[in-house]
Amino acid sequence: MVVLSPRRRRQEIVRLASTNGLASVDDLSDTFAVSPSTIRRDLAKLEADGQIARTYGGAIASYAHAESSLRQRMGEEYEAKRAIAHSAAGQIDVDESIFLDAGSTVAALAREIRSRSDLTITTTSLIVLNELSRSEHPTINALGGTLRMISQGFVGPLAEAALENLSFDRAFLGADSVDAELGICEADPHQTRLKQLAARRAKHVYVLAHAQKLGRRPFHAWTQLPRPWTLITNADNETVQPFKDNDVHVLQLVVQS
């Protein structure tokens, strides 16, 4: 391989850290054919320059920690989210009790089912409540807690305590990203704790995630989901294969651009 200059190598390290979420010292050492100590010096300089944040055994791009607001996410991948929400709505049977998580794709699902009078819907999301309140049909349970302004969802001990007293036929979860082995990735461990509780209280668990969210590890808080669970996505065959290999049921959509 071509040996890169230190400056160019550091640029590539930042690119890899931002693209893959996490970059380990050993992987970077192999990639650039330099010693681990050289990589550690690169990481120290990049951290001093504010371009990465150091982690145990590696690094993550500093801006990978920046969580997008719900307002920002609402306009992203609109057609994919609408198709995923439509598919998710088709999974719901008559007279079911369902849990709707926070997130823009789950909010699109709320829009799909808000006219159904046979459902009991429980949510932690303000935007989901807003969608459901435009119809008088579903029975709606709102879980309280501490409001995370950036995601417009309630988290914390009060929401968790309420979930412990409920059960659901189906839980529909959003995600900042999804990994085939580790599960759902989020910026805040309060989010992952709540998702984990909801998943435990549901007979069937679904994760709604468009293709750009799969296989990334931008944060360090994870929800491990009970197998099997269902991923609804527009990702291609190569991207979803690791999920199938890990006993995840995949509903794969083709979205017209």
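If you check Ala85 against the conditions, is it assigned to a loop (DSSP other than H, G, I, E, B), buried (at least 17 other Cβ atoms within 10 Å of the Cβ) and at pLDDT 90 or above? Quick ask: steps written out before the conclusion?
On the way: assigned to a loop (DSSP other than H, G, I, E, B): no; buried (at least 17 other Cβ atoms within 10 Å of the Cβ): yes; at pLDDT 90 or above: yes.
In short, no.
The set of residues from segment 98-114 being outside any helix (DSSP H, G or I) and within 20 Å of the chain's Cα centre (by Cα) comprises Ile98, Phe99, Leu100, Asp101, Ala102, Gly103.
In segment 172-183, what count of residues is obtained for those that are closer than 14 Å to Phe99 by Cβ and in a strand (DSSP E or B)?
The first filter runs over segment 172-183 and keeps only residues closer than 14 Å to Phe99 by Cβ, leaving 172-174.
From what is left, the residues that are in a strand (DSSP E or B) are 172-173.
Qualifying residue count, segment 172-183: 2.
Residues in segment 115-144 that are surrounded by 20 or more Cβ atoms within 10 Å (Cβ to Cβ) and in a loop (DSSP other than H, G, I, E, B): Leu119, Thr124, Leu143.
Scanning segment 162-172 turns up no residue that is surrounded by fewer than 19 Cβ atoms within 10 Å (Cβ to Cβ) and within 14 Å of the chain's Cα centre (by Cα). Please go through segment 180-209 and pick out each residue that is of a type in the set (Ser, Thr, Tyr) and crowded, with 24+ Cβ neighbours inside 10 Å. If the condition is that a residue be of a type in the set (Ser, Thr, Tyr) and crowded, with 24+ Cβ neighbours inside 10 Å, then Tyr206 is the only one that fits. The C-beta contact set for segment 192-212 (first residue in the same structural domain as Glu160 (by TED's automatic domain parsing), second residue of a type in the set (Asp, Glu) and assigned to a helix (DSSP H, G or I), distance under 6 angstrom, 6+ apart or interchain) comprises Leu197/Glu160. Scanning segment 159-171 for residues that are over 15 Å from Ala102 (Cβ atoms) and not hydroxyl-bearing (Ser, Thr, Tyr) returns Ala161, Glu164, Asn165, Leu166, Phe168, Asp169, Arg170.
Among the residues of segment 145-171, those that are hydroxyl-bearing (Ser, Thr, Tyr) and in a loop (DSSP other than H, G, I, E, B) comprise Ser151, Ser167.
Could you grab the pairs with beta carbons closer than 8 Å, sequence gap of 6+ or different chains, first residue in segment 160-176 and more than 12 Å from Leu194 (Cα to Cα) and in contact (Cβ under 8 Å) with a residue 60 or more places away in the chain, second one part of a loop (DSSP other than H, G, I, E, B) and polar (S, T, N, Q)? Once the first residue is more than 12 Å from Leu194 (Cα to Cα) and in contact (Cβ under 8 Å) with a residue 60 or more places away in the chain and sits in segment 160-176, its partners that are part of a loop (DSSP other than H, G, I, E, B) and polar (S, T, N, Q) give Arg170/Gln91. Would you mind stating whether Asn246 is buried (at least 22 other Cβ atoms within 10 Å of the Cβ) and either in the same structural domain as Leu143 (by TED's automatic domain parsing) or hydroxyl-bearing (Ser, Thr, Tyr) (or both)? Judged against the criteria, Asn246 is not a match. Consider segment 1-22 and keep the residues that are hydrophobic (A, V, I, L, M, F, W, C) and surrounded by 14 or more Cβ atoms within 10 Å (Cβ to Cβ). The one that is modelled with the lowest pLDDT is Leu22. Residues in segment 221-240 that are more than 22 Å from Gln91 (Cβ to Cβ) and either assigned to a helix (DSSP H, G or I) or touching a residue at least 60 places away in the same chain (Cβ under 8 Å) (or both): Glu238 only. Among the criteria (1) closer than 22 Å to Leu231 by Cβ; (2) crowded, with 21+ Cβ neighbours inside 10 Å; (3) modelled with pLDDT under 95, the one Asp101 does not fulfil is (3). In the set (1) at pLDDT below 85; (2) touching a Phe, Trp or Tyr at 6+ places or on another chain (Cβ under 9 Å); (3) of a type outside the set (Asp, Glu); (4) surrounded by fewer than 18 Cβ atoms within 10 Å (Cβ to Cβ), the condition left unmet by Thr38 is number (1).
Just for segment 210-220: of the residues that are in a loop (DSSP other than H, G, I, E, B) and either at pLDDT 85 or above or not small (Gly, Ala, Ser) (or both), which one is surrounded by the most Cβ atoms within 10 Å (Cβ to Cβ)? So the residue we want is His210. Evaluated against (1) closer than 21 Å to Lys81 by Cβ; (2) buried (at least 19 other Cβ atoms within 10 Å of the Cβ); (3) of a type in the set (S, T, N, Q), Asn237 falls short on exactly one condition, (2).
The values are calculated or read from the model by the stated rules, or taken from the named source; none is laboratory data. Worth saying up front: this structure is predicted, and the values here are computed from it rather than measured. Here Cβ is always computed from backbone atoms with ideal geometry, including for glycine, and neighbour counts include all displayed protein chains.
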